[in-house]
Amino acid sequence: SQMANPNTPYGLQLVQRDGAADFRASLKRYFVPASTTSALYQGDPIIIVASSADSLGYNGVKLATAGTSNKITGVVCGFLGTGTPNPSFFGLSGTPGPAYKPASNTVAYNVLVCDDPSALYEVQANGSLAATQVGKNANLVSGTGSVYTGWSGWQLSTTSIGTASTLQLTIVGLVQDPRNVAGVNAKALVRINNNTNINA
């Protein structure tokens, strides 16, 4: 018999582009100013910050906000070190090990972000997700990342599922894996719906 889905939130994990192109071409360097107080983990959604680029012109970003009408630019997929304009891996939190940006840090971070509006991600539902809800929209719900894995704690909010265009994600499907079934903590395939790169 099918076991229950494991409760293993990991934020938004990049799977593929919704097309034939190589999704690795979708990763771009962004700048996290030293004044940014929130922690950042792999799989966290981010949003661009106006007038916060570094001296090389890499745009500044911060952690996005969960909820209706809150736009998202992309998702953190990796870390390029600390400092500006030339990042160093020395001093990167988690090195050697899973990299993340702690909340208390006072240095600039450089992150690799997927900002392609057509990119697809895996995300865990924080409640019960039905197969019939595929095709609808939903918001994210924030969560605390893990300093042991470096992964985000964000999840898809099942109580937010609806049809409004201002919801943050579009549910494209269920992750096709024998260990994943519709229901509590199901893993969904999603696209960012309320995206700064589409409706700026």
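Values as computed for the structure displayed
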item: Any hit, the range 185-194, residues being over 20 Å from Ala39 (Cβ atoms) and out of contact with any strand residue (DSSP E or B) (no Cβ under 6 Å at 6 or more places or on another chain); result: yes
item: Matching residues in the range 113-136 - criterion: being open to solvent by 50 Å² or more (accessible area, probe 1.4 Å) and either assigned to a loop (DSSP other than H, G, I, E, B) or touching a residue at least 60 places away in the same chain (Cβ under 8 Å) (or both); result: Glu122, Asn126, Val134, Gly135, Lys136
item: Members of the range 73-96 found to be at pLDDT below 90 and either aliphatic (A, V, I, L, M) or open to solvent by 50 Å² or more (accessible area, probe 1.4 Å) (or both), listed by number; result: Leu80, Thr84, Asn86, Phe89, Phe90, Gly91, Leu92, Thr95, Pro96
item: Only listed residue being closer than 30 Å to Val181 by Cβ and among the hydroxyl-bearing types (Ser, Thr, Tyr), chosen from Ser93, Ser104, Ser88, Ser118; result: Ser118
item: Scope the range 114-152; condition touching a Ser or Thr at 6+ places or on another chain (Cβ under 7 Å) and closer than 27 Å to Asn86 by Cα; matching residues; result: Cys114, Asp115, Asp116, Gly145
item: Residue list for the range 1-60, filter: modelled with pLDDT of 95 or more, under 27 Å from Ala182 (Cβ atoms), part of a strand (DSSP E or B) and not polar (S, T, N, Q); result: Pro45
item: When residues of the range 144-175 are limited to those that are hydroxyl-bearing (Ser, Thr, Tyr) and farther than 24 Å from Asn197 by Cβ, the one most open to solvent (accessible area, probe 1.4 Å); result: Tyr148
item: Per-region count, the range 182-200, residues in a loop (DSSP other than H, G, I, E, B) and either of a type in the set (Gly, Ala, Ser) or crowded, with 18+ Cβ neighbours inside 10 Å (or both); result: 6
item: The range 100-130, residues that are of a type in the set (Gly, Ala, Ser) and at pLDDT 95 or above; result: Ala125, Gly127, Ser128, Ala130
item: Single residue of the range 50-72 satisfying the filter (more than 10 Å from the chain's Cα centre (by Cα) and buried (at least 18 other Cβ atoms within 10 Å of the Cβ)) that is nearest to Asn105 (Cα to Cα); result: Lys62
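The values are calculated or read from the model by the stated rules, or taken from the named source; none is laboratory data. This one's a predicted model, so the numbers in the text were calculated from it and none came from an experiment. Neighbour counts run over all protein chains shown; Cβ positions are idealised from the backbone, glycine included. For accessibility, only protein heavy atoms count, side chains too; no ligands or nucleic acids. Shrake-Rupley method; radii C 1.70, N 1.55, O 1.52, S 1.80 Å.
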